[in-house]
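Please read the structure below before turning to the comments.
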């Protein structure tokens, strides 16, 4: 490429930055369609042909018919007029340049025109939260350098003079290229030179600036720094896409890991329960009962101890296993994953068969003990046994129905409510069983051949069933809430749900004010007492308990940026330090852009009701302003 020496007469040495950037970016665009590179900036545009080719690539549109092989000046002028009109139609401002200036090779005007064009597509594609390209680029730099405490990017001039911001951008995306922690933070020239060399050698970013242009000038040229930093944005945009893709894969992996852990727990617990049940049955089968009452009575006591301890643990574990498998299937359906089928030998059917065998052997062993005790009154025993067995059958029936719940979550919830109603009816039946049991106790009929279920067993079973239904109800409701919270990531939902479950000590699927505050604190959210009381009252709809859905919706409200009146009022109140007004100084201290401050000063009501505001400007009343702006 030919660099015209007249260029250095046009402006300062920084003009070379503009020239090189223009030529470099222009040639990159021409490469898209295989158009030959620009060799001489003024000569190659004099005919208008290469300028039109560049504009068609940048604008992704055809200029129209033009003279592709012009030979006369009038054809040159026609081509250049067509190019200038194409530029104006795309709202790119041009000043004091006509077609004749391009044809006559006016270096200054051509360079200015190309700088305006190239700046437009250099900043194109840079977008953050609806801001302008410059603002978006600045916000991108601030976010990328936020973890680096030595870096504070506020502008495209002074913030870059120590070279650390350039090094931070490189290290954030490619930590393998430089060691940020080992940098001498006071070596301005060394840091800047290192960043420029690494960017050019490893990232393909041309060194558009000299170290002296950044470090030795009182205020670096803003346009030059902006243009150069934009090269970093474009160079790293592909890495950001890869990072996003990696994050999505990681989220999916988290879900899969959670499901795998649940499956692993299920299989481990089923196998352990089966082994323990089979071992106990072998011990029963090897036991020989003697004719001595004391010895037989002791075996009965040992059997009762088994029922009150180990057996209850097994009952609880079996129901937990049933519930765990249901939860696995529900979780997989929530994320549209394939269902899980336990391996042969570890299915619920296999467990039920072993359980039935246990119950049979229990009955056999129990009867063999009871046959040794003759002082039992048949009628009371039969009456109690009939009521207890019927009660246990109903418990098992409800428990089986609860463990087999499947399908649509709303339908599961409705069926679960029906089971809750059936469970409530058992409470009155349990009172009848307790009355019959007391009659047996009064008659010294402690053993019963017709049932293995004591009042304690049935009470425990009923309590356990109620807890299981309550847990299942909470789980399904929470899954419905989680399914509907589409604006949250799986990782966020998991974190919020874990916090909620940890502080829901009574498994009521609700949190008291104290529990709610503790859950927020565990997630890093703190309020003083007065502010928290207001927050909890609003979230819980003035009730004493907040539901899981209310908790999740609150977490969405505080983690998602939304221009709601409540969130906006809280933001103003935070800026004002709980004053009923804000000042221009308050807004500046919170880094509100100058343009936004001017707009707010124009739109917000000014008030003198609070006396003279020292050094802060007018008092702007935000409550009235918000009421005016929202319906």
Report, in deg cm²/dmol and to the nearest 500, the calculated mean residue ellipticity at 222 nm for the chain, where each DSSP H run with n ≥ 4 adds -39500 (n - 2.57) and the sum is divided by the residue count. -21500 deg cm²/dmol
Using only alpha carbon pairs under 8 Å that are at least six residues apart, calculate the relative contact order of the chain and give it in whole percent. 7
Can you bin the stretch 314-447 into rounded, prolate or oblate? Criterion: square roots of the alpha carbon gyration tensor eigenvalues sorted a ≥ b ≥ c, rounded for a/c under 1.5, prolate for a/b above b/c, oblate for the rest. oblate
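What length, rounded to one decimal in nm, is gained on full extension from residue 422 through to residue 556, with 0.36 nm per residue of separation minus their alpha-carbon distance? Before the final figure, lay out the partial values.
Numbers: separation 134, 0.36 × 134 = 48.24 nm, distance 3.66 nm.
Extra length from residue 422 to residue 556 when fully extended: 44.6 nm.
Label the chain by shape, choosing from rounded, prolate and oblate, from the square roots a ≥ b ≥ c of the eigenvalues of the Cα gyration tensor; if a/c is under 1.5 it is rounded, and otherwise prolate applies when a/b is larger than b/c, oblate when it is not. The partial results should precede the final answer.
Working: a/c = 3.48, a/b = 2.53, b/c = 1.37.
The shape class here is prolate.
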Place the peptides 275-281, 142-148, 339-345 in order of packing, highest mean first, counting for every residue the other Cβ atoms within 10 Å and averaging per peptide. 142-148, 275-281, 339-345
For the stretch 394-436, what class follows from the C-alpha gyration tensor (a ≥ b ≥ c being the square roots of its eigenvalues): rounded when a/c is under 1.5, otherwise prolate if a/b is larger than b/c, else oblate? oblate
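Quick one: compute the contact order of the stretch 490-559, relative version, from alpha carbon pairs under 8 angstrom and 6+ residues apart, as a percent. Before the final figure, lay out the partial values.
Details: 53 pairs, mean separation 23.5, N = 70.
Value for the stretch 490-559: 34 percent.
Values in this text are rule-based calculations from the coordinates and carry no lab data. Being a predicted model, the structure only gives us computed values, none of them experimental. Note that we place each Cβ from the backbone using ideal geometry, even for glycine, and neighbour counts take in every protein chain shown.
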